[in-house]
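Undergrad: My structure is below; once you've seen it, I'll send some questions.
Taken together, the values in this text are just the output of simple stated rules run on the coordinates, not laboratory data. Source: prediction; values computed, not measured.
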Amino acid sequence: MQRAGVRGGAPQEKEGWHGWDAYAPFYDWENAQTLGRRDVAFWQGLATRLGGPALELGCGTGRVSIPVARTGVPLVGVDRSADMLARAARRRRRASLAGGLSLIRGDIRHLPVRRGAFRLVMAPYGVLQSLVRERDLAETLEAVARVLQRGGVFGLDLVSDVPAWQEYTGRVPLRGTFRRGVKLTLIESVRQDRRRRLTRFDQDYIEHRGARRIHHRFSLTFRTLSIRQMTTRLERAGFRVEAVLGDYAGGPWHPEADAWLVLARRV
Ligand SMILES: C[S@@+](CC[C@H](N)C(=O)[O-])C[C@H]1O[C@@H](n2cnc3c(N)ncnc32)[C@H](O)[C@@H]1O
């Protein structure tokens, strides 16, 4: 795995990339019970229609990258979390991939790839919501415009319901068997900062191994813009918005849509 574009130094408060290393062991377990694979065919379809080379921002554990690379489209996945990427690399070893999959450790605000290298850039499952300040988003859109070919497509997906989550403290949204002999309980608290459009999830995953309990505590912060705010920023960054969709079957967007998908062309 390559490593590029990750700046050193002490982490600042409330960076959107914080928390993902600690979340990595539990990410696939949780998502198997929530989003599952319902968005995967959409990204595979987009990639096969447009062809590669394609880039996935925040590829994580390879939940989307592996099935996209299986279609034969060459793909590069960038993620800042070494622990998420280690899981993607393990999946890659087990998979038979028709296209190639390169994994790069890097920050999506400073994409460590060549100008104009891609025909498609994908940002599935709310990756852009991990950009918690206006300048983080601006830097990322600028970086995407740089690495896309003219006429190339940027596809992004926002998790729309995050700002509507009720605030609570110490709820148990998930519990179950993690692996043989290990049970898992998630204890979660949610805080909303509506002025800054930030939602913070404080998570405590408790592993139960017989009488032992091991706590894994971390926080994830997300910033959710309205669809209009996002399309305005895309246009400002040199994209033409071509479609705003409300589900993974390609249906139109509406305010209660459960998926917010934007397809924008680099002009
Ligand atoms: C919601 S997960 C999505 C993972 C994968 N795309 C999927 O659909 O399952 C968000 C991912 O973005 C990564 N991430 C967050 N901020 C980042 C940044 N500034 N640069 C690179 N990766 C980042 C996290 O490490 C995490 O793996």
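Undergrad: How fast does the chain diffuse by Stokes-Einstein, in µm²/s, taking the Kirkwood radius from C-alpha pairs at 25 °C and 0.890 mPa s?
TA: 129 µm²/s
Undergrad: Here is a follow-up. Would you look at the GNM of the chain, springs on alpha carbons closer than 10 Å, and say which of A95, A237, A211 moves the most?
TA: Maximum among the listed residues: A211.
Undergrad: Find, to one decimal place in angstroms, the Kirkwood hydrodynamic radius of region 119-267, where the mean of 1/r is taken over every pair of different Cα atoms and then inverted.
TA: Averaging 1/r across every pair of different Cα atoms and inverting gives 17.2 Å.
Undergrad: How high is the relative contact order of the chain? Use alpha-carbon pairs under 8 Å, at least six apart in sequence, and give a whole percent.
TA: Answer for the chain is 17 percent.
Undergrad: Specify the angular offset, from 0 to 90 degrees and rounded to the nearest 10, of the alpha carbon long axis of helix 134-147 from the longest principal axis of the alpha carbons in the chain.
TA: Computed tilt is about 50 degrees.
Undergrad: For T48 and A164, calculate 0.36 nm times their separation in residues minus their Cα-Cα distance, and state this gained length in nm to one decimal.
TA: 38.3 nm
Undergrad: What angle, in degrees between 0 and 90 and rounded to the nearest 10, separates the Cα long axis of helix 227-236 from the longest principal axis of the Cα atoms of the chain?
TA: With both axes taken from Cα atoms, the answer is about 40 degrees.
Undergrad: Counting helices only, and only those DSSP H runs with n ≥ 4, report the 222 nm mean residue ellipticity of the chain as the sum of -39,500 (n - 2.57) divided by its residues, in deg cm²/dmol to the nearest 500.
TA: Value at 222 nm, helices only: -8000 deg cm²/dmol.
Undergrad: Round to the nearest 10 and give me the degree value, 0 to 90, for the angle of helix 82-94's Cα axis relative to the longest principal axis of the chain.
TA: 80 degrees
Undergrad: Enter the per residue convex hull volume of region 162-222, computed from alpha-carbon coordinates, in Å³ rounded to the nearest integer.
TA: Once divided by residue count, the hull of region 162-222 is 76 Å³.
Undergrad: Mind checking the alpha-carbon convex hull of region 26-157 and giving the volume per residue in Å³?
TA: Cα convex hull per residue, to the nearest whole number: 97 Å³.
Undergrad: Taking H placed 1.01 Å from N in the peptide plane, check which residues at least 5 places from G16 or on another chain put their amide H under 5 Å from its amide H.
TA: Counting only residues 5 or more places away or on other chains, the set is V132.
Undergrad: So, one more: So what are the ³J(HN,Hα) numbers for region 20-35, from phi and the Karplus equation (6.51, -1.76, 1.60; θ = phi - 60°), rounded to whole Hz, Gly and Pro as x?
TA: Running phi through 6.51 cos²θ - 1.76 cosθ + 1.60 with θ = phi - 60° gives 6, 4, 5, 6, 3, x, 10, 4, 5, 4, 5, 5, 4, 9, 10, 5 Hz.
Undergrad: Ordered by residue, what ³J(HN,Hα) values in Hz, to whole numbers, does region 178-190 give under the Karplus form 6.51 cos²θ - 1.76 cosθ + 1.60, where θ = phi - 60° and Gly and Pro are x?
TA: Karplus values, whole Hz, x for Gly and Pro: 8, 8, 3, x, 10, 9, 10, 10, 9, 10, 10, 10, 10.
Undergrad: If you don't mind, there's one more thing I want to ask. On full extension of the chain, what length is gained from R37 through E142, given 0.36 nm per residue of separation minus the C-alpha to C-alpha distance?
TA: Gain on stretching R37 to E142: 34.8 nm.
Undergrad: Using each residue's phi in region 108-116, evaluate 6.51 cos²θ - 1.76 cosθ + 1.60 at θ = phi - 60° and report the 3J(HN,Hα) Karplus result to the nearest Hz, with x for Gly and Pro.
TA: Per-residue couplings from phi come out as 6, 6, 9, 4, x, 9, 5, 4, x Hz.
Undergrad: How far is the Cα center of region 120-143 from the Cα center of region 190-267, in Å?
TA: So the two Cα centres are separated by 10 Å.
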